[in-house]
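Data first, discussion second: the structure below is written as structure tokens.
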Amino acid sequence: MGFTLAKVVPWGRSYDEYVRMFSLTEADLGLRILGCGDGPASFNAELTQRGGTIVSIDPVYVFDAEQIKNRISDTYDTVMSQMVKNQSDYVWEAIPSIERLGSLRMSAMEIFLADFEAGKQEGRYIPEELPSLPFADEEFDIALSSHFLFLYSAHLSAAFHLQALREMLRVSCEVRVFPLLMLDGTPSPHLAFVSESLAGDGFEIEVKRVAYEFQRGGNEMLVIKHL
């Protein structure tokens, strides 16, 4: 069976979260940005409103805005109940409460939904997925992966991670990945393997602390650059 909406749990993060997760400077925000696995985040919509250049890929973009909206409605209460159950795994500072989290996530997803159909027509939302990308070599300056690579290490192999990162590096000059923890809050076992492999390929590898921590201990990103 192929990709179906029933497999999707939409959960969108905000423009401000992206800026802090990836330590994006004003100069960075003026570059050509690719978001890999952005889902219903508002970063694309809000950066575009600010005059930025961004393309987001995600398999969920094969569906229309109404279908995605309905799936958000179907899964929202389940996600929130899981957050209540596991709230000790999170740092409640920038986001002070479960209620505030819910309103922030819904706001981000509503901004995405309002922009989605126009953005899809403009080629800003493309229904593709790693580890293969439909772009030319170095078409982008920065490629971002938010809450996909490393987070799902229990489901995606080290080989998949390496292939995905090499593909992101093919189409961009720099890759940033956040967070470096798995869903259970433990460090990804794939990080050392891909770092050593990519360093062997001649890339510059760095783990950087960022000014964002919601998942407890999740305050670092991987930065990979062409030398």
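The set of residues in segment 166-204 being open to solvent by 50 Å² or more (accessible area, probe 1.4 Å) and either under 23 Å from LEU227 (Cα atoms) or in contact with a Cys (Cβ under 8 Å, 6 or more places away or on another chain) (or both) consists of ARG166, ARG170, CYS173, ALA192, PHE193, GLU196, ALA199, GLY200, ASP201, GLU204. What is the residue count in segment 6-60 for residues that are assigned to a helix (DSSP H, G or I), more than 21 Å from ALA118 (Cβ to Cβ) and not acidic (Asp, Glu)? Number of matching residues: 6. Within segment 192-206, the set of residues being within 24 Å of TYR18 (Cα to Cα) and either within 17 Å of the chain's Cα centre (by Cα) or among the polar types (S, T, N, Q) (or both) comprises SER195 only.
Report every pair of residues separated by at least 6 positions or lying on different chains whose Cβ atoms are under 8 Å apart, first residue within segment 171-195 and on the phi > 0 side of the Ramachandran plot, second open to solvent by 20 Å² or more (accessible area, probe 1.4 Å) and assigned to a helix (DSSP H, G or I). What qualifies is GLY185/ASP89.
Could you run through segment 209-219 and say how many residues are in contact with an Asp or Glu (Cβ under 7 Å, 6 or more places away or on another chain) and open to solvent by 70 Å² or more (accessible area, probe 1.4 Å)? Number satisfying all stated conditions: 2.
The number of residues in segment 61-85 being open to solvent by 50 Å² or more (accessible area, probe 1.4 Å) and either touching a Cys at 6+ places or on another chain (Cβ under 6 Å) or outside any helix (DSSP H, G or I) (or both) comes to 1.
Residues that are assigned to a strand (DSSP E or B), aliphatic (A, V, I, L, M) and under 25 Å from LEU101 (Cβ atoms) within segment 207-221 comprise just one, MET221. Every listed requirement among (1) over 16 Å from TYR15 (Cβ atoms); (2) out of contact with any Gly (no Cβ under 9 Å at 6 or more places or on another chain); (3) open to solvent by 10 Å² or more (accessible area, probe 1.4 Å) is met by CYS36 save one, (3). Which residues, counting only those in segment 96-115, are crowded, with 18+ Cβ neighbours inside 10 Å and either assigned to a loop (DSSP other than H, G, I, E, B) or without any contact (Cβ under 8 Å) to a residue 60 or more places away in the chain (or both)? Hit for segment 96-115 is LEU101, nothing else.
The values are calculated or read from the model by the stated rules, or taken from the named source; none is laboratory data. Remember, it's a predicted structure, so these values are computed and weren't measured experimentally. Because the Cβ atoms are built from the backbone with ideal geometry, glycine has one as well, and the counts that use them run over all protein chains shown. Just the protein is used for accessible areas: all its heavy atoms, side chains included, with ligands, DNA and RNA removed. Shrake-Rupley method; radii C 1.70, N 1.55, O 1.52, S 1.80 Å.
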